[in-house]
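Asker: Submitted below is the structure of interest, expressed as structure tokens.
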Ligand SMILES: [Fe+2]
């Protein structure tokens, strides 16, 4: 159980970092790409906040203490849209990895609702990975 909570806290820390990073890129994107990428980064930001909320509440329900600090992996400032997309891709790949590991830990537990919720998040991370891959080109 504590392995599971630890892994959920790692997922939460990455979500906190992701919402921060996407907000930063949504604000900083300039030029013609701003038109499409600013709303996209905002959507990803909202998604990260929602994922964080689900994971945070699940940690509390399991008797754990959710982290409040984001993952320390640096958020790199850039004005280049392609670099933003590459950092976004990196983030989504990492998130998908963490949720895949989490699902393995949950598999043995009797927490069916939790497993469903985490699987939903995992699938949404995979969709984001594919979307970023297409955008990076
Ligand atoms: Fe997420």
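Asker: So, in segment 78-107, of the ones that are free of Cβ contacts under 8 Å to residues at least 12 places away in the same chain and closer than 15 Å to residue 8 by Cα, which residue ends up surrounded by the most Cβ atoms within 10 Å (Cβ to Cβ)?
Answerer: Only one residue fits best here, namely 97.
Asker: Please tell me if residue 52 is closer than 30 Å to residue 32 by Cβ and within 16 Å of the ligand (Cβ to nearest atom).
Answerer: In short, no.
Asker: Also, quick follow-up: Restricting attention to segment 64-77, does a residue exist that is free of Cβ contacts under 8 Å to residues at least 12 places away in the same chain and within 19 Å of residue 135 (Cβ to Cβ)?
Answerer: Looking through segment 64-77, at least one residue is free of Cβ contacts under 8 Å to residues at least 12 places away in the same chain and within 19 Å of residue 135 (Cβ to Cβ).
Asker: Based on what the data block shows, is residue 6 more than 15 Å from the ligand (Cβ to nearest atom) and closer than 30 Å to residue 108 by Cβ?
Answerer: Here the answer is yes, as residue 6 does meet what is asked.
Asker: Is it true that some residue in segment 60-75 is surrounded by 14 or more Cβ atoms within 10 Å (Cβ to Cβ), in a helix (DSSP H, G or I) and more than 12 Å from the ligand (Cβ to nearest atom)?
Answerer: Among the residues of segment 60-75, not one is surrounded by 14 or more Cβ atoms within 10 Å (Cβ to Cβ), in a helix (DSSP H, G or I) and more than 12 Å from the ligand (Cβ to nearest atom), which makes the answer no.
Asker: Is it true that some residue in segment 26-49 is surrounded by fewer than 19 Cβ atoms within 10 Å (Cβ to Cβ) and near the ligand (Cβ under 10 Å from one of its atoms)?
Answerer: Yes; the residues of segment 26-49 include at least one that is surrounded by fewer than 19 Cβ atoms within 10 Å (Cβ to Cβ) and near the ligand (Cβ under 10 Å from one of its atoms).
Asker: Against the conditions (1) more than 17 Å from residue 18 (Cα to Cα); (2) more than 15 Å from the ligand (Cβ to nearest atom), where does residue 81 fall short? Just the number, please.
Answerer: (1)
Bear in mind these aren't lab numbers, they're just calculated from the coordinates by the rules spelled out. This structure is a prediction, so every number in the text was calculated from the model and none was measured. Here Cβ is always computed from backbone atoms with ideal geometry, including for glycine, and neighbour counts include all displayed protein chains.
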